[in-house]
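Peer 1: This structure is in structure tokens; I'll ask about it shortly.
The values are calculated or read from the model by the stated rules, or taken from the named source; none is laboratory data. Worth saying up front: this structure is predicted, and the values here are computed from it rather than measured. Cβ sites come from the backbone with ideal geometry, for glycine too, and all protein chains shown count toward neighbours. These accessible areas exclude ligands, DNA and RNA; they are computed on the full protein's heavy atoms, side chains included. Shrake-Rupley method; radii C 1.70, N 1.55, O 1.52, S 1.80 Å.
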Amino acid sequence: MWVNPDAAAKELIRLEVETKCQDDQVFARIRAFTKCTPRDCKWGWTKAELRDGGGLRVLLIGFLSSKIIDVRKIGENLDAFVTNITNDGSQPERLKSYSLKRL
């Protein structure tokens, strides 16, 4: 579990990452939380893909918008790059990076 204690509203506040090895293959999934009121918003568990050069990528699809989250462990932190995409293309993609700490 990785947290961003300084998250503002609608920003990534927590990531849960699970991995397992089976038959010499790595399987991963990620669950993301964004800061909301009165409680944080939760995206369901989603299969993550291994990225060339290391790290994981997950695509979270919502009704109005979607997120691509790329994560990579750097030292003691987990760097997360979140690309927000409106599903109807009405707004340009927005990229924001976060440095999360292990909980």
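Peer 1: What is the sum of charges around Glu16, taking Lys and Arg as +1, Asp and Glu as -1, for the other residues whose C-beta is under 13 Å from the C-beta of Glu16?
Peer 2: +3
Peer 1: Rounded to the nearest 0.05, what FRET efficiency is calculated for Lys20 and Lys96 with R0 set to 25 Å and r the Cβ-Cβ distance?
Peer 2: Result of the calculation: an efficiency of 0.30.
Peer 1: Which lysines, on any chain, are close to Lys96 with Cα under 19 Å apart, when same-chain ones fewer than 8 places away are left out?
Peer 2: Straight-line reach from Lys96, under 19 Å: Lys10, Lys35, Lys42, Lys67, Lys73.
Peer 1: Next question. Whole number please: convex hull volume per residue, Cα atoms of the chain, in Å³.
Peer 2: 120
Peer 1: Still on this model: Just checking the chain: which Cys have no other cysteine's beta-carbon under 4.7 Å?
Peer 2: When partners are defined as cysteine Cβ atoms under 4.7 Å apart, the chain leaves Cys21 without one.
Peer 1: Something else: Between Glu76 and Cys41, how high is the FRET efficiency from 1/(1 + (r/R0)^6) when r is the Cβ-Cβ distance and R₀ = 30 Å? Nearest 0.05.
Peer 2: 0.65
Peer 1: For segment 4-39 and segment 60-92, what is the centre-to-centre distance using only Cα atoms, to the nearest Å?
Peer 2: Using only Cα atoms, the two centres lie 11 Å from each other.
Peer 1: How much area per residue is accessible in the chain when the probe is 1.4 Å and only protein heavy atoms are counted (Å²)?
Peer 2: For the chain, the per-residue accessible area is 69 Å².
Peer 1: Same structure again: Could you list log10 I(q)/I(0) for segment 1-43 at q = 0.20, 0.26, 0.32, 0.33 Å⁻¹, which the Debye formula gives when each Cα is one point scatterer?
Peer 2: Computed log10 I(q)/I(0) values: -0.61, -0.83, -1.07, -1.10.
Peer 1: Related question: Report the net charge of residues surrounding Arg51, where surrounding means a beta-carbon distance below 13 angstrom and charges are Lys +1, Arg +1, Asp -1, Glu -1.
Peer 2: -1
Peer 1: Oh, and also: Only four residue types carry charge here, +1 at the Cβ of Lys and Arg and -1 at the Cβ of Asp and Glu. Report the dipole size of the chain about the Cα centre in Debye, rounded to the nearest 20.
Peer 2: 320
Peer 1: Count charges around Arg29 for me, please; just the other residues with Cβ under 10 Å from its Cβ, Lys/Arg as +1, Asp/Glu as -1.
Peer 2: +1
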